[in-house]
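J.: First, the structure itself, so that you have it in front of you.
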Amino acid sequence: MNQALLRTLLLSLLTLPAAQAQAAPTPLTLPPVQVTSAPAGLNAIPTAPLTFQVARSLRVQPARLETRLSTGMSTTNLGFTVMSDVTAQVTVSSDSPHLILPDGGALRLLAYTAHSVTGVALAPHRGTLTFRNSRDETVATAPYEIAPARTLNQGLRLNLSPSGGNASLSYAVSGVPQSTLDPRWNVNLGVGLDTRTGNLSTSVSVGVNW
């Protein structure tokens, strides 16, 4: 009887781990969590429409509208600003077909706010910009110049030495390369005068770099 009971206990101990391994896991249940947030709203601020007035005068800057084509380029930009004392619509036009203005020259100006304008020059030339208000009245004009690309650099220097009795005049000219592969040349001419004796001296130098 005792041996039978002992055998039963041993069998129970041996089969207990296997039974626990085959048992289905107990699901873990978490209490529900409630997340709340306040709704965010956007408040649109109405803006009043622009009220355009009739411009009577304009400020065009800079005072001299000038620029130069860069070396090797056939076009360039001409930039300027326009300012009005009132919010207005104006138009700007050029008397030359070589200057192209954006949006056909139509401008919308806010009072006392500089409005930038950039035109495209298609060739070297001189012309005049004409500004007209909404009644087609001319309220401002501005001459401008588009200079050709520089081909020469020049310089002139005068030296006087009253105590030494010497005076000299020198002139230098050099070419502007049209390409990074072009050679660079320069010429210098000099004239010297001894004011005490009246002797005149001259000098010439030529240089080429490549």
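J.: Identify, from the list Ala38, Ala63, Ala48, Ala24, the residue that is exposed (fewer than 10 other Cβ atoms within 10 Å of the Cβ), closer than 25 Å to Ala114 by Cα, modelled with pLDDT under 90 and aliphatic (A, V, I, L, M). Before you say what the answer is, go through the steps one by one.
T.: Details: Ala38 fails: closer than 25 Å to Ala114 by Cα; Ala63 fails: modelled with pLDDT under 90; Ala24 fails: closer than 25 Å to Ala114 by Cα.
On inspection, the qualifying residue turns out to be Ala48.
Okay, residues lined up against (1) surrounded by 11 or more Cβ atoms within 10 Å (Cβ to Cβ); (2) at pLDDT 95 or above:
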residue	(1), (2)
Ser163	no, no
Ser170	yes, yes
Thr180	no, no
Trp185	yes, yes
Asn188	yes, yes
Leu200	no, no
Val204	no, yes
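J.: In region 126-140, which residue that is part of a strand (DSSP E or B) and not hydrophobic (A, V, I, L, M, F, W, C) is nearest to Gly198 (Cα to Cα)?
T.: Narrowing region 126-140 to residues part of a strand (DSSP E or B): 126-132, 138-140.
So of that shortlist, the ones also not hydrophobic (A, V, I, L, M, F, W, C) come out as 126-128, 130, 132, 138.
Values: Arg126: 47, Gly127: 51, Thr128: 53, Thr130: 58, Arg132: 64, Thr138: 63 Å.
Filtering region 126-140 for residues that are part of a strand (DSSP E or B) and not hydrophobic (A, V, I, L, M, F, W, C), the one nearest to Gly198 (Cα to Cα) comes out as Arg126.
J.: Sort out which residues of region 86-104 are farther than 30 Å from Val176 by Cα and in contact with a strand residue (DSSP E or B) (Cβ under 6 Å, 6 or more places away or on another chain), and write them in order of number. Steps first, answer last, please.
T.: First, pick out the residues of region 86-104 that are farther than 30 Å from Val176 by Cα: 86-95, 101-104.
Those that are farther than 30 Å from Val176 by Cα and in contact with a strand residue (DSSP E or B) (Cβ under 6 Å, 6 or more places away or on another chain): Val86, Thr87, Ala88, Gln89, Val90, Thr91, Val92, Ser93, Ser94, Asp95, Leu101.
J.: When both residues are 6+ apart or on different chains and their Cβ atoms are under 7 Å apart, which pairs have a first residue that lies in region 124-136 and is in contact (Cβ under 8 Å) with a residue 60 or more places away in the chain and more than 16 Å from Leu101 (Cα to Cα), and a second that is among the β-branched types (Val, Ile, Thr) and surrounded by 21 or more Cβ atoms within 10 Å (Cβ to Cβ)?
T.: So the pair list comes out as Asn133/Val90.
J.: Which residues, taken from region 51-74, are among the small types (Gly, Ala, Ser) and touching a strand residue (DSSP E or B) at 6+ places or on another chain (Cβ under 7 Å)?
T.: Going residue by residue through region 51-74, those that are among the small types (Gly, Ala, Ser) are 55, 57, 63, 70, 72, 74.
Selection gives Ala55, Ser57, Ser70.
J.: Right, here's the next one. Within region 125-133, does at least one residue satisfy the condition of being exposed (fewer than 13 other Cβ atoms within 10 Å of the Cβ) and modelled with pLDDT of 95 or more?
T.: Pass one, region 125-133, residues exposed (fewer than 13 other Cβ atoms within 10 Å of the Cβ): none.
No, because not a single residue in region 125-133 is exposed (fewer than 13 other Cβ atoms within 10 Å of the Cβ) and modelled with pLDDT of 95 or more.
J.: What is the residue count in region 178-210 for residues that are of a type outside the set (Val, Ile, Thr), in contact with a strand residue (DSSP E or B) (Cβ under 6 Å, 6 or more places away or on another chain) and closer than 30 Å to Met73 by Cα?
T.: 7
J.: Yes or no: Thr141 more than 14 Å from Val208 (Cα to Cα), surrounded by fewer than 15 Cβ atoms within 10 Å (Cβ to Cβ), assigned by TED's automatic domain parsing to the domain that holds Ala121 and not aliphatic (A, V, I, L, M)? Don't jump to the end; show me each part of the working.
T.: Working: more than 14 Å from Val208 (Cα to Cα): yes; surrounded by fewer than 15 Cβ atoms within 10 Å (Cβ to Cβ): yes; assigned by TED's automatic domain parsing to the domain that holds Ala121: yes; not aliphatic (A, V, I, L, M): yes.
Judged against the criteria, Thr141 is a match.
The values are calculated or read from the model by the stated rules, or taken from the named source; none is laboratory data. Here the structure is a predicted model, which means the values were calculated and not measured. No Cβ is skipped: glycine too gets one built from the backbone with ideal geometry, and neighbour counts run over all protein chains shown.
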